[in-house]
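Inspection log for the structure reproduced underneath, given as structure tokens.
The values are calculated or read from the model by the stated rules, or taken from the named source; none is laboratory data. Everything numeric in this text was worked out from a predicted model, so none of it was measured. Virtual Cβ from ideal backbone geometry, glycine too; neighbours counted across all protein chains shown. These accessible areas exclude ligands, DNA and RNA; they are computed on the full protein's heavy atoms, side chains included. Shrake-Rupley method; radii C 1.70, N 1.55, O 1.52, S 1.80 Å.
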Amino acid sequence: MGSLEEAIEGLKKFLSNKDDVAVAQIEKLITGLQETDPNEFDPVKRILEGFQHFKINKFDKHPELYEKLAEGQWPKFLVFACSDSRVCPSHILNFQPGEAFMVRNIANMVPAFDKLKYSGVGAAIEYAVSVLEVQNILVIGHSRCGGIKRLMTHPEDNSAPFDFIDEWVKIGLPAKVKVQAEFGDLPLEDQCKHCEKESVKLSLCHLETYPYVQMGLANKKLRLMGGYYDFVHGKFELLEFEPRFHHLFST
Amino acid sequence: MATLSPTSFTKNFNSSVDFPITSFQTFAIFGPKLKTEQTHFRLSTSFKTGSCLELKAMKEPPGLTQKLDKNRLDGLTESENGCDLFQDLKHRFLRFKKHKFEENLGHFQNLAEGQAPKFMIIACADSRVCPSVILGFQPGEAFMVRNVANLVPPFESGPSETNAALEFAVNSLKVENILVIGHSRCGGIRALMSMQDEVDSSFIRSWVIVGKNARLNTKSAASHLGFDQQCRHCEKESVDHSLLNLLTYPWIEQKVAKGELSVHGGYYDFVDCTFEKWTLDYKGSNLGKNSRLPVKNRFYWC
């Protein structure tokens, strides 16, 4: 059953509702959806279907949870994942509302601490660690990452520059250098796969350059983990990053 | 449409093994056999010692304190030992693999070859507002950027993670729609509205200042309202300003002018569970900083 038909069937179940106003609204909704040309993509209808589905099947079914979440959030995870449409952690790791403060950017990169250049990432880390006090930071890389491929192939392929993309993926240069040194004889696809994983490790090291992360690690209140989602083979790897700095003394 | 439902999960997996802790421990969550791999990763960057690593007392950014109450403390479980956390993540992935990946194998195989999402979404990193959940975006449908307070910096601010993603989505993936989604009780917007003039060295301030025009508009239009209502006003105002900032990118404006790209704003209220959506009505007019955003097709769903 297509999503449109599913949405209509789902709505029809509510026509027995005794609330006349609700019934009228639902009938109007069904009519609107039925008039949709199935061959034409309507972004508005797509968003509406999705939201109605969420409201009926999730929000209305778990009122206590959503009432609590309305008051605040206490996620256990800060997650960094790629913006790629295929790798949302809410799907692959089934994160529910309230579980994961989630940053998504090209190639799931965490740059080293730099207040001038990377305030967006820094703000997310600061908020998640200092205010929300997440217990775990998880950086998830993935297969066939376009950002990593760009890092690995440009500028050597003499392609035209992408001003913003190239500036961003440069964060991963140390990973590229390492992969080329160790695996430079492998085909590009294999080098990219190595770099996808190496870049996750690099991001974990970069996380340690943030003072609040250092403190969390020193106090053993924070754990850093790296993940790798391979959507070609349906696999997931997880690794834990041990702290490299140990608090020795304070004056 | 498949749902993400937190069903109970009772299957036992016997594939966990304890390994000695080294710098990196790898656990294969799924595969024909378990593999272990001890990798060593040396930092190629150097770190300064001494004062840079001092653990200074943290000054909490203004307006962000969450009161710890009994309910929160009750909700916090004791910190799990390593195995429990890994097992949990493993179970989550295997459930996804069984109920979604394998049941739609053809679709996922196609996706593995390439993505062609129709949407680019810019949403807040807040744990309560993932667009995959609230709008049901399935794998392959939406290229997604999530940052604090779903802000879009203008073109002239220079390279950032958000505009790198914009460049990729618009110029490489050629998405047809950009949707910026704001939400209720946004901590980032609250920080923006709470900022004082004194120098504040926090990252949060350095980032949310991108929304300063939204704050200015809010202060002038809604100063008679209470602070919470002002924040709500700013949450929506900020979405409009992000839409305006999108048009400062020449390659975005060109596509919008040609009708190849539509730009939408959205607002998710998780208190009442409502969703508002509006579309930028681009007529080629000069959209200055102070002009109201021309919109069309405004919907309110409740």
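Would you point out which residue out of B:P154, B:P159 is over 16 Å from the mean Cα position of the chain (by Cα) and within 7 Å of chain A (Cβ to nearest Cβ)?
B:P159
Tell me whether the range B:139-156 contains one or more residues that are closer than 19 Å to A:L78 by Cα, assigned to a helix (DSSP H, G or I), acidic (D, E) and open to solvent by 10 Å² or more (accessible area, probe 1.4 Å).
no
Return yes when B:V145 is closer than 26 Å to B:T248 by Cβ, facing chain A (nearest Cβ under 8 Å) and touching a helix residue (DSSP H, G or I) at 6+ places or on another chain (Cβ under 7 Å) and no when it is not.
Judged against the criteria, B:V145 is a match.
Out of contact with any helix residue (DSSP H, G or I) (no Cβ under 9 Å at 6 or more places or on another chain), of a type in the set (S, T, N, Q) and within 30 Å of A:V129 (Cα to Cα), is that true of A:N219?
It is true that A:N219 is out of contact with any helix residue (DSSP H, G or I) (no Cβ under 9 Å at 6 or more places or on another chain), of a type in the set (S, T, N, Q) and within 30 Å of A:V129 (Cα to Cα).
Consider the range B:200-216. How many of its residues are touching a residue at least 24 places away in the same chain (Cβ under 8 Å) and not in a loop (DSSP other than H, G, I, E, B)?
Final tally of qualifying residues: 8.
Taking the range A:197-227 only, how many residues are open to solvent by less than 10 Å² (accessible area, probe 1.4 Å) and under 30 Å from B:N104 (Cα atoms)?
Residues flagged as open to solvent by less than 10 Å² (accessible area, probe 1.4 Å) and under 30 Å from B:N104 (Cα atoms) within the range A:197-227 amount to 5.
Only one of (1) over 13 Å from A:V110 (Cα atoms); (2) modelled with pLDDT of 95 or more; (3) of a type in the set (F, W, Y) is not met by A:W168, so which one is it?
(1)
Mind checking which residues of the range A:131-145 are of a type in the set (D, E, K, R) and at the interface with chain B (Cβ under 8 Å from one of its Cβ atoms)?
A:R144
Would you kindly identify the helices (runs of 4 or more DSSP H) lying entirely within the range A:150-251 that contain at least 3 residues that are free of Cβ contacts under 8 Å to residues at least 60 places away in the same chain, at the interface with chain B (Cβ under 10 Å from one of its Cβ atoms) and not small (G, A, S)?
Fully inside the range A:150-251 and qualifying: A:163-169, A:173-183, A:188-207.
Could you please find all residues in the range A:76-86 being outside any strand (DSSP E or B), buried (at least 24 other Cβ atoms within 10 Å of the Cβ) and more than 7 Å from chain B (Cβ to nearest Cβ)?
Once the filter is applied, which keeps residues that are outside any strand (DSSP E or B), buried (at least 24 other Cβ atoms within 10 Å of the Cβ) and more than 7 Å from chain B (Cβ to nearest Cβ), the range A:76-86 yields nothing.
Just to be sure, is B:G182 closer than 20 Å to A:V129 by Cβ, at pLDDT 95 or above and surrounded by 16 or more Cβ atoms within 10 Å (Cβ to Cβ)?
When the stated conditions are applied, B:G182 does not pass them.
Matching residues to (1) surrounded by 13 or more Cβ atoms within 10 Å (Cβ to Cβ); (2) more than 25 Å from B:A191 (Cβ to Cβ); (3) under 25 Å from the mean Cα position of the chain (by Cα):
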{"residue": "B:A214", "(1), (2), (3)": "yes, no, yes"}
{"residue": "B:A221", "(1), (2), (3)": "yes, no, no"}
{"residue": "B:Q230", "(1), (2), (3)": "yes, no, yes"}
{"residue": "B:E237", "(1), (2), (3)": "yes, no, yes"}
{"residue": "B:S242", "(1), (2), (3)": "yes, no, yes"}
{"residue": "B:T248", "(1), (2), (3)": "yes, no, yes"}
{"residue": "B:K258", "(1), (2), (3)": "no, yes, no"}
{"residue": "B:K283", "(1), (2), (3)": "no, yes, no"}
{"residue": "B:V295", "(1), (2), (3)": "yes, yes, yes"}
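Is it true that A:V129 is of a type in the set (A, V, I, L, M, F, W, C) and open to solvent by 10 Å² or more (accessible area, probe 1.4 Å)?
Yes; evaluated as a whole, the condition is true for this residue.
Quick check: is even one residue across the range B:167-183 more than 8 Å from every other protein chain (Cβ to nearest Cβ) and in a helix (DSSP H, G or I)?
The answer is yes; a qualifying residue exists.
Mind checking which pairs have a first residue in the range A:122-139 that is assigned to a loop (DSSP other than H, G, I, E, B) and a second that is among the aliphatic types (A, V, I, L, M) and open to solvent by less than 10 Å² (accessible area, probe 1.4 Å), Cβ under 6 Å, 6 or more apart or different chains?
Pairs that qualify, where the first residue is assigned to a loop (DSSP other than H, G, I, E, B) and the partner is among the aliphatic types (A, V, I, L, M) and open to solvent by less than 10 Å² (accessible area, probe 1.4 Å), are A:V134/A:L78; A:V134/A:A128.
When you look at B:L192, is it closer than 21 Å to A:Q73 by Cα and part of a helix (DSSP H, G or I), yes or no?
Considered against the rule, which asks whether it is closer than 21 Å to A:Q73 by Cα and part of a helix (DSSP H, G or I), B:L192 comes out as yes.
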